[in-house]
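Here is the structure we will look at, set down as structure tokens.
The values are calculated or read from the model by the stated rules, or taken from the named source; none is laboratory data. On a predicted model such as this, the values are computed, not experimentally measured, just so you know. Don't worry about glycine lacking a Cβ; one is built from the backbone with ideal geometry, like all the others, and counts go over all protein chains shown. The protein model used for the area step is the full one, side chains on, heavy atoms only, and it has no ligands, DNA or RNA in it. Shrake-Rupley method; radii C 1.70, N 1.55, O 1.52, S 1.80 Å.
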Amino acid sequence: MEKRFKIPTAERKIILLITSAAILILLGIALDLYTEFLWFKSLNLDSVFIAMLYYRLTLLVVFFTIAFVILSLNRLILQKASYEFLGKSYRLSFLVDLSLALILAFPFSHTWIQYVYFTNSIDFNLKDPIFGLDVSFYVFKLPFIQTVLLFFLTLILLAILVSVAYYAYIFRDIQGLDEFKAKFPKTAYIHVSLLLASIFILISVYFYFARFDLLTSSHGAVMGAGYTDVHVVLPAMGLIAVISLLFAAVTIYLGYKRNFEAMAVLVIVLVIVTFFSIVVAPAMIQKLKVEPNEIAKEEKYIKYSINFTRFAYGLDVEKMYYSAEDNLSVDTIERNRGTIDNIRIWDHRPLLSVYKQMQQIRTYYFVNDVDVDRYNIDGRYTQIMISARELSTELLSPRAKTWLNSHLIFTHGYGVVASPVNSVTKEGLPNLIVEDIPPMGKITIEHPEIYYGELTTDYVIVKTKQKEFDYPLGEGNVLTTYNGSGGVKLDSYFKKLVYSIKFGDVKFLLSDYITTESRLMYHRNIVDRVSTIAPFLVYDKDPYIAVINGRLYWIVDSYTILDKFPYSARYSTFNYIRNPVKVFIDTYNGTPEFYVIQKEPVIEVLMKAFPDLFIPASKMGEEKRAHIRYPVDLFEVQAHIYATFHMDDAKTFYNREDVWEIPKEILEDERIEMEPYYVILTLPKGDEPEFILMLPFTPKGRDNIISWLAARCDEEYGELRLYEFPKGQLIYGPMQIEARIDQDPDISKLFTLWGQVGSKVIRGNLLVIPIENSILYIEPVYLRAVNAQIPELRGVIVVYSDALAMRPTLNESLTAVFGREVRGVIEEGVQELIRLLVEIYNEAMDEAKAGNLSEFGEAIERLGDVIDKLNQTS
């Protein structure tokens, strides 16, 4: 009987181990893909998930197939060489090729977004000045080409490592070079020559495409290719590419001739040619020819850098003259009451402490951040500070941190806290226009529940048999049942099983509270949520909450960034940025809406690739449009770039004659870089107050202001304006104003006194406020007791021209500076006296009812005093 071929026991164990591991890995991947698909489907974005999966799988399959074929051919050649040498084939398992191909292909499949850009590329209609290629080649095509090149290089090096290990084992008994050359099989010679020729070909291709990278290099006076790069390095790279291709052909010939020595000579020659042409020759030309005449040689390349950098960062800035006159008066202030009434005297940092102490209500609630927005309050365009009241199960007491509480009962935060930026109570606290639970105030909120937020990092299950905690009421709690569309419906045992495995929690299967109507909410953190949906966008670090049509929405600014834009200066890791998408997320249902508010090539490519994700700006309602704002993160990047690239003249740019800086200011006791800040003001030549983001500039190394940059947020959203002060005129900068404040004897004494009575003085943001053609400086001052966490506003410093004053309120400070009462002060005084009248009257009535006649008499006397004051004021 014919014997059956048996696989050796050791090899069977290895195959079984590899197969088992592969099955477990594949099951894990399948589980993750299935649950993510269910999540995308719950948002009606399953087509987006399928599109991303398609791009990933396409790359994985293509890279795996190429790697497996080449590694298999390599294995077959190795076995043939061993047959020629030993008379038998030393067999290698195809599982080695399979495993290596998968290991190699998997990380390269993560470059799928480059493949998206490559296959959906569209033109910028902007050509580079060296090669005459559209910018789209550099940002959409070149990165993927270089990734493919890196893949092949890694693959060939892997094949070489396998071959070296194989040959070292097969020929381990050969002694001496002569014996090796005599016995080394012809197939092996040809094999080695093919591998080396592949390296030469890859070097040739690399240098061909590396020429284009010169346009994104950064060295010397130029961002991008300079004189030496264009006239020396560029031709040298082309020469090396040709030589390498020629050497590849010669190497194959030498393999047939069994000549290893000549192959080694080719490698040495290429290294020497590369070193002298890429390193030595450019350094000599730069030193001897360029540096003695650098401005003349680099001038046109500097102009390229200025123009392309401005384009890449969206710095289409409208420059305007700002006369900076000292002509402010009470009448001017009254004409600009819309600006004055919205000057931010509450800094977000101390205000956050106030909100936490006043409005967190319970230990499990947390106010995480304070944002700035604008609303129509009582018919007036008002800038407000607003914060979400989120719920964090981490803040529950240790005994309360049960699975039931963490995942079924304490599921959501509740409402927001809001106050105008300039309104203060007599206790020095913000005047809240939305407060308490349920939220009450001047902004109506119909759905105050916050299931999705900045702190919601864990999953919850809603619509169960267990009612959810809604909000506290007196000594008890109000309970509720979720009635929205958020989350994945757990309507089958199989779904419960897969989620039980995903979250490592068997209670999905064991809990009697979960029904077929229950919904599982995860990816609840808003940044994680949008990043999971659209990982190809970059998201702002500071999402903000808004009340729109009675519902709460998170608004997240998202950016498209690139890192290979030709002749553009690099900022951090990128050299191109736009803010084309505003994402709105409903806090109740978690529904995301990706509105495209700006068409630019990168977002147009993504719209081609994922047509079901993005929504045109024309479909954005007026209420939503009223709450979008120019993002601080983008504005900071643009300001830092524009501080240098505002210069038009190449010679001025080369000498850095007019570099600007972001001013410094004092915050508490620290000297920090000034942050961009939102204000409502009427721009020069404007008709109405509008919401803008602004920041002043100072000359490098000096403290005076030279200009200020504004980004408009309302009707002309996105427009950038630069207002430049007259050359040679001294306009005080923030640090100079801070110095004047420190030198004022009255303020200095007051600060010292406050510090001696167990309190800490906190100096808020110094605001530079342009009004008509003048500049007003405002700095709030807070006082915080050492043993308390609530800062109180104790004064507002106003500086104008040579006048400086600090009074308890902004209007009082304005009165002190401008010499006579501003109408707002009178109105404020009357309102305060009326409030006091009502308060004392109620107190008198309470004392009368209680029979306290003496206290009643004292109240009547105080009532008379207030009436006299009110009469005098009138």
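A few notes on this one:
- Within the stretch 258-288, tally of residues that are among the basic types (K, R) and touching a residue at least 40 places away in the same chain (Cβ under 8 Å): 1
- Residue count for the stretch 537-567, restricted to those that are in a strand (DSSP E or B), open to solvent by 10 Å² or more (accessible area, probe 1.4 Å) and closer than 14 Å to E454 by Cβ: 2
- Scanning the stretch 787-803 for residues being open to solvent by less than 40 Å² (accessible area, probe 1.4 Å) and assigned to a strand (DSSP E or B) gives a total of 8.
- Residue match in the stretch 509-516 (condition: over 15 Å from the mean Cα position of the chain (by Cα), assigned to a helix (DSSP H, G or I) and over 17 Å from P631 (Cα atoms)): yes
- Selection within the stretch 573-599: residues that are free of Cβ contacts under 8 Å to residues at least 40 places away in the same chain, in a strand (DSSP E or B) and of a type outside the set (S, T, Y). The member of this set that is surrounded by the most Cβ atoms within 10 Å (Cβ to Cβ) is P580.
- The set of residues in the stretch 233-253 being touching a residue at least 40 places away in the same chain (Cβ under 8 Å), touching a Phe, Trp or Tyr at 6+ places or on another chain (Cβ under 8 Å) and surrounded by 20 or more Cβ atoms within 10 Å (Cβ to Cβ) consists of M237, S244, F247, A248, T251.
- Taking the stretch 159-174 as the range and being open to solvent by less than 40 Å² (accessible area, probe 1.4 Å) and of a type outside the set (G, A, S) as the test, the residues that pass are Y166, Y167, I170, F171, I174.
- Qualifying residue in the stretch 486-496 (condition: at pLDDT 95 or above, open to solvent by less than 30 Å² (accessible area, probe 1.4 Å), assigned to a loop (DSSP other than H, G, I, E, B) and under 30 Å from R374 (Cβ atoms)): no
- Scanning the stretch 481-492 for residues that are β-branched (V, I, T) and within 29 Å of the chain's Cα centre (by Cα) turns up at least one hit.
- Top-ranked residue in the stretch 197-232 [being farther than 30 Å from N74 by Cα and more than 36 Å from the chain's Cα centre (by Cα); ranked as surrounded by the most Cβ atoms within 10 Å (Cβ to Cβ)]: T228
- Total residues in the stretch 621-636, condition among the hydrophobic types (A, V, I, L, M, F, W, C), open to solvent by less than 10 Å² (accessible area, probe 1.4 Å) and outside any helix (DSSP H, G or I): 1
- Just one residue in the set R702, R712, R721, R784 is of a type in the set (K, R), open to solvent by 50 Å² or more (accessible area, probe 1.4 Å) and over 18 Å from P350 (Cβ atoms); that residue is R702.
- Taken as a whole, the structure leaves Y169 outside the set of residues that are under 33 Å from the mean Cα position of the chain (by Cα) and part of a helix (DSSP H, G or I).
- Sole exception among (1) open to solvent by less than 60 Å² (accessible area, probe 1.4 Å); (2) over 22 Å from I585 (Cα atoms) for E475, by number: (1)
- Verdict on I526 being under 23 Å from G484 (Cα atoms), over 15 Å from the mean Cα position of the chain (by Cα) and of a type in the set (V, I, T): no
- Restricting the search to helices (runs of 4 or more DSSP H) fully inside the stretch 318-382 and requiring at least 3 residues that are under 26 Å from the mean Cα position of the chain (by Cα) and modelled with pLDDT of 90 or more gives 348-359.
- When residues of the stretch 817-842 are limited to those that are open to solvent by less than 70 Å² (accessible area, probe 1.4 Å) and at pLDDT 70 or above, the one farthest from D326 (Cα to Cα): I840
- Looking only at the stretch 383-403, and only at residues there that are outside any strand (DSSP E or B) and among the hydrophobic types (A, V, I, L, M, F, W, C), the one that is nearest to E668 (Cα to Cα): L395
- Any hit, the stretch 35-42, residues being of a type outside the set (A, V, I, L, M) and either surrounded by fewer than 13 Cβ atoms within 10 Å (Cβ to Cβ) or at pLDDT below 75 (or both): no
- The set of residues from the stretch 604-620 being part of a loop (DSSP other than H, G, I, E, B) and farther than 30 Å from L722 by Cα comprises F610, P611, D612, L613.
- Just so you know, in the stretch 293-317 the residues that are part of a helix (DSSP H, G or I) and open to solvent by 60 Å² or more (accessible area, probe 1.4 Å) include one that is farthest from G132 (Cα to Cα), and it is N293.
- Residues that are in contact (Cβ under 8 Å) with a residue 40 or more places away in the chain, open to solvent by 20 Å² or more (accessible area, probe 1.4 Å) and under 27 Å from the mean Cα position of the chain (by Cα), drawn from the stretch 393-419: T393
- Evaluation of G132 against the conditions (1) at positive phi; (2) in contact (Cβ under 8 Å) with a residue 40 or more places away in the chain shows that the sole unmet condition is (2).
- Test set (1) open to solvent by 50 Å² or more (accessible area, probe 1.4 Å); (2) over 30 Å from E299 (Cα atoms) - R570 fails condition number: (2)
- L194 open to solvent by 30 Å² or more (accessible area, probe 1.4 Å) and modelled with pLDDT under 95: yes
- Per-region count, the stretch 512-536, residues open to solvent by less than 40 Å² (accessible area, probe 1.4 Å) and without any contact (Cβ under 8 Å) to a residue 60 or more places away in the chain: 3
- The set of residues in the stretch 345-392 being on the phi < 0 side of the Ramachandran plot and either open to solvent by 50 Å² or more (accessible area, probe 1.4 Å) or free of Cβ contacts under 8 Å to residues at least 12 places away in the same chain (or both) consists of H348, R349, K356, Q357, M358, R362, T363, F366, N368, N376, R380, Y381.
- Complete set of residues in the stretch 647-689 that are out of contact with any helix residue (DSSP H, G or I) (no Cβ under 9 Å at 6 or more places or on another chain) and open to solvent by less than 30 Å² (accessible area, probe 1.4 Å): L683, P684
- F645 meets the conditions (1) in contact with a strand residue (DSSP E or B) (Cβ under 9 Å, 6 or more places away or on another chain); (2) closer than 18 Å to L562 by Cβ; (3) not polar (S, T, N, Q) in every case but one. The failed one is (1).
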